[in-house]
Amino acid sequence: MLQKLPILLGIFVVMALSNAVVPVLPDFAEGAALQGLVYSAYFLGAFVTVLPAGLASDRIGSVPLIRAGLLLTLASGVLILLFPSGLPLLVFRVVEGIGAGLFLSAALAWANSQLPAGHLSGYVMASLNLGLVVGLLATGWLDAAFGSHLAGIAFFTVLAVPAAAMSVVVRESERTGFAKADFAGIVRNYFWLFAAAIVLVGMTGAVAAVYPEYTGNDSSVLALQLATINIATIVALLVTPRLALRPAPTIRAASLLMAAAVLAGYVTPYAFPAIGALSGVFIVAVLAFLAETKIEQGVMTGLFNTASYAGFTFLSAIAGMVAGGIGFLAAFLLLAGMAVAVAVPIGRCRCEYRG
């Protein structure tokens, strides 16, 4: 437990800090398009980092990357507080994403290499989503209490200090029995699985990116509404890790239900818990499945994280541009159409495992 605590605390802080801009996005930039860029800049940094970090975890170990990721997270929080607007803000959001990418891939590779397969990873992902929830709620409350949109970022930057300090107790996990990764073969056999992650994981970020400007609600109300996505994801991550869910039918059902939930989200925020829960069920099924393949988990979780952050990065940016250029209905229709499209090719995924 002593080694697990820094991992769980670290992912909580990293995600809380990343989400501390969401309920106050209008204070950082004007218009849906610019707000989408501020939101997605973080995910761009994570997107370009998670796969190299996963590969490096298999070669040099996870622990150095876990520590480096937490230090970068701390540094980026300080820099955003010092330069909270314009191009510097975008650059330091990218740096923040790089730190998160290093930490998340290394932490998941560390957790997914332990038995039972995928069990600890479920708790890591639950802590991740708890961080996202608290990041939203605390920022909304702190903004209202102190009249500063930077209050949430300051709070979680301070919390990053003990998280980074505690990482010194983490030691490498045992990785016996895992086959050497054939990168080309993995991409070929699991392509549609990772393609589904782009849409079904990234969908939660895309909805969160456009919703603040769409409603115009104050930050505390937005925080509560968007937090229901992550709360539902946490519940799904804790309830479903032991279910024997097969990838193709689970993804097909989740994608079709996700499309309906996104369309409902245009009308009411009461659809948000369904979006979060469907994303959580998908994450549980995929991570357990990847652990059961008995292939080096650095590359497997690195590819999963790459796909997830690709969804957060590009779906958020695209949704923001469509909302700003055409309208919010068009943005929600586009996201729903992408969810439906995932159901079509998933049966072609040649997903095999050795569990």
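The values are calculated or read from the model by the stated rules, or taken from the named source; none is laboratory data. A quick note: this is a predicted structure, and the numbers were derived from the prediction, not measured. For neighbour counting, all protein chains shown are included, and Cβ atoms are generated from backbone atoms with ideal geometry for every residue, glycine included. Note: accessible area is taken over every heavy atom of the protein model, side chains too, but ligands, DNA and RNA are not part of it. Shrake-Rupley method; radii C 1.70, N 1.55, O 1.52, S 1.80 Å.
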Translational diffusion coefficient, Stokes-Einstein: compute it for the range 179-336 using the Kirkwood radius over C-alpha pairs as Rh, at 4 °C and 1.567 mPa s, and state it as an integer in µm² s⁻¹.
80
Can you pull the one-decimal nm distance between simple spin-label points at residue 5 and residue 187, each 7 Å off the Cα toward Cβ?
4.2
Please report, in Å, the Rg and the Dmax of the chain, where both are computed over Cα atoms only.
18.6, 55
Ranked by GNM mean-square fluctuation in the chain (Cα springs under 10 Å), the top entry among 132, 226, 263 is 263
How large is the Kirkwood hydrodynamic radius of the range 253-351, counting all unique pairs of alpha carbons, in Å?
14.8
Counting Lys and Arg as +1 and Asp and Glu as -1, each charge on the Cβ, what is the dipole of the chain about the Cα centre in debye, to the nearest 20?
1020
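Take each of the peptides 134-141, 330-337, average the number of other beta-carbon atoms within 10 Å over its residues, and list them starting from the highest. The partial results should precede the final answer.
Working: 134-141: 24.1, 330-337: 19.6.
Highest-to-lowest ranking by the protection proxy: 134-141, 330-337.
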Quote the FRET efficiency, to the nearest 0.05, computed for residue 158 versus residue 268 with a Förster distance R0 of 30 Å and r equal to the Cβ-Cβ distance.
0.25
Where in the chain is the longest stretch that carries no GluC sites (Glu not before Pro) classed as loop by DSSP and with at most 11 other Cβ atoms within 10 Å?
175-351
Residue order for 166, 321 - accessible surface, 1.4 angstrom probe, largest first
321, 166
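Given the rule -39500 (n - 2.57) for each run of at least 4 DSSP H residues, summed and divided by the residues of the chain, what is its mean residue ellipticity at 222 nm, to the nearest 500 deg cm²/dmol? If you can, show how the numbers build up before the last one.
Values: 14 runs with 276 residues, N = 355.
Mean residue ellipticity, 222 nm, calculated: -26500 deg cm²/dmol.
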Evaluate the range 243-309: find the radius of gyration of its Cα atoms, find its Kirkwood radius, and give the ratio Rg to Rh.
1.06
Shape verdict for the range 58-162, please, from the Cα gyration tensor: rounded (a/c under 1.5), prolate (a/b greater than b/c) or oblate.
oblate
Highest-fluctuation residue, 94, 267, 133 considered, GNM on the chain with Cα pairs under 10 Å:
267
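Quick check: with the 1.4 Å probe, what order do 182, 143 take by accessible area, largest first? Don't skip to the end; give the middle numbers.
Working: 182 90, 143 30 Å².
Largest accessible area first, the residues go 182, 143.
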If the chain between residue 180 and residue 145 were fully stretched, how many nm would it gain, using 0.36 nm times the residue separation less the Cα-Cα distance?
7.3 nm
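Give me the net charge for the shell around residue 35: Cβ to Cβ below 13 angstrom, other residues only, Lys and Arg +1, Asp and Glu -1. Spell out each step's value before the answer.
Numbers: positive: 93; negative: 27, 30, 213.
Within the 13 Å Cβ shell, the charges total -2.
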Inter-label distance, nm, simple model (7 Å from Cα along the C-beta direction), residue 59/residue 239:
4.2
Calculate the spin-label point distance for residue 260 paired with residue 83, positioning each point 7 Å from the Cα along the beta-carbon direction, and give it in nanometres.
4.8
Which residues in the range 255-286 have a backbone N closer than 14 Å to a point placed 7 Å from the Cα of residue 326 along the Cα-to-Cβ line?
none
